[in-house]
Structures are given as C-alpha cells and as structure tokens.
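Values quoted throughout were computed directly from the atomic coordinates according to the rules given, and no laboratory measurement underlies them. Note that the coordinates shown come from a computational prediction; the quantities given were computed from them, not determined experimentally. Don't worry about glycine lacking a Cβ; one is built from the backbone with ideal geometry, like all the others, and counts go over all protein chains shown.
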Amino acid sequence: MSDLATVYNTAIVPAYDTLPGRMSSVSATVMLLAIGLQESRLVHRRQIRGPARGLWQFERDGGVAGVLRHPSTREAARQVCVERAVPAVPGDVYHRLEIDDVLAAAFARLLLWTDAKPLPQLGDEATAWDYYIRNWRPGKPHPGTWPELYDRALRFGLSL
C-alpha cells in the first residue's frame, strides 16, 4: 500500500471522518504520510524484528496506551474504537492496528494531537523531523531518509 493516494483515500480520509473536524488539515496529512513512510514505508503493518503494529508502527504500551489515556485524545480515541468495533483497551487496539488501516491512521493523528506545539508549517522539514522524533520516539531513528520521504509527502499534500 505504498501509493500515497491509496493510503490517503482508504486510511487517512476515513480516519478524519471518525475524528473531530478540527483534526483534518493538509499539515496533518503531510505529517501522517511522512511519518508513515518513515516508519513502515506505508507497507509493513508488523514491524520487522520488533513489536510495533500498523502502518504507523504503534506499540501497545507506548503510542496506543498514550492515545487512549491522554486527556486531549481519550474521548476521541474511545469514539474511534466504537466506530471501528474494537474495545478501547491497549491490547485490543494494538492487535487490530495490523489489519485496520483506518484505526491506525486515526491513532496516528491522535498521537500528533497530544503534542502541545502546533503542527509544523508546510515545507519546514527540520521542525517536522523534530515533531516526529518527539512524538514517535523511534528507537533507531534514520534522519538520512527523512528529507526525501518528507518531500514526497509534502508534494502529495500540496496537490490536494
């Protein structure tokens, strides 16, 4: 599922439909696509040699639990779980992420929402990298791949 238009149309747009309207924006879409490309190339739903699940590579006791518990996202996360017919508990959401790209996209957007800082300005690759690192906390970050992947996501976002 590495085609950005496919991910956008089949995962991100339906995820936005399950979330409060203020969470949908081109800036959010660019970040979601860039992070998805960085984390899984928007292909791998199960981390290679690791525990993370979904196109945005969430861990059960990390991002999943964080989104379900954070004061700014817990209600929206519960609503998404109701709409996706999954219990709003970390273990159940974690396992479903591997087969439900809409749920994965919604949780990725909600994780971005937990950041007190606004989304980076479109085209600000360095701030976008910092935003990604701060929120995803990757164990082995790969800054060398970010510029190309961010640019790809940005070009797609600007075409919307």
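At a glance:
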read-out: Table column - 3J(HN,Hα) (Hz), segment 78-91, Karplus curve with 6.51, -1.76, 1.60, x for Gly and Pro; value: 4, 5, 4, 4, 4, 5, 9, 6, 10, x, 7, 10, x, x
read-out: Relative contact order %, the chain, counting alpha carbon pairs below 8 Å whose residues are six or more apart; value: 30 percent
read-out: Order by protection proxy (mean Cβ within 10 Å, highest first), peptides 136-145, 55-64; value: 55-64, 136-145
read-out: Exposure proxy ranking, count of Cβ atoms within 10 Å, fewest first, for SER27, SER159, SER40; value: SER159, SER27, SER40
read-out: Inter-label distance, nm, simple model (7 Å from Cα along the C-beta direction), ARG69/ALA88; value: 1.6 nm
read-out: Length added when fully stretched, THR6-GLN121, from 0.36 nm per residue minus Cα-Cα; value: 39.0 nm
read-out: Pairwise centroid distance, computed over Cα atoms, of segment 27-63 with segment 117-158, Å; value: 13 Å
read-out: Nonlocal amide H pairs with VAL86, under 5 Å, H built at 1.01 Å; value: none
read-out: Calculated P(r) over Cα pairs in 10 Å bins from 0, in percent (choose from (i) 10, 35, 32, 17, 7, 1; (ii) 11, 37, 31, 16, 3, 0; (iii) 11, 46, 37, 6), label; value: (iii)
read-out: Computed E for ARG49/ARG22 - FRET, C-beta separation, R0 45 angstrom, nearest 0.05; value: 0.75
